[in-house]
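Note sheet for the following structure.
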Amino acid sequence: MADTDTRPGEWDGDEFNGWRFIPHEGVQEPKEDVLDEQVKVWVARSQPRDKHTGSIAFDISFNVGTKNESLSRVSIRELMDLEDNSFPYEEVTEAVNDWIEKAKLFPHTRRKCLCCWKKATKGKVLCQGCHTKFGEVIYADYA
Ligand SMILES: [Zn+2]
């Protein structure tokens, strides 16, 4: 992400002013060691919810930049690593910490539990039942 050497006033004639995707031509064989980096987690201001459990869901692109790119909606419950008390993706951890922070700042705002349709405990992001089950994971990385 280094700045280009373009000096002020110089114009290279390119009409495109934003970021663009430049396909890496010539590299056809999949690199298995970089699979982890080919995942993109989409975080929106208003996250979708899983229609069965009511838990918050993340849209995650897998195999980004390859022919196998796919987008899946994954519920936060499926992303939890209950043994490790963590989430596999930084973006998810950040989003969760952000919600915790908001809940703390605005304890009187009514919000739903991150893991079900129930009302969250005041100033928290989980309801009582989910706190017992998922509280350790949800609040684990919160600093
Ligand atoms: Zn709940």
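Just so you know, all these numbers are worked out from the coordinates, no wet-lab data involved. Just so we're clear, the structure is a prediction, and the values are computed from it rather than from any experiment.
Tabulated values for the structure
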{"read-out": "Violating pairs (Cα-Cα greater than 20 angstrom) within the set Lys40/Lys112; Lys102/Lys124; Lys51/Lys104; Lys51/Lys118; Lys112/Lys133; Lys40/Lys67", "value": "Lys40/Lys112; Lys51/Lys104"}
{"read-out": "Amide hydrogen neighbours beyond the local backbone of Arg49, cut-off 5 Å, H modeled", "value": "Ala57"}
{"read-out": "Other-chain or far-sequence residues with amide H under 5 Å of Arg111's (modelled H)", "value": "Ala120"}
{"read-out": "Rounded D (µm²/s) - region 32-140, Kirkwood Rh over Cα pairs, Stokes-Einstein at 20 °C, 1.002 mPa s", "value": "148"}
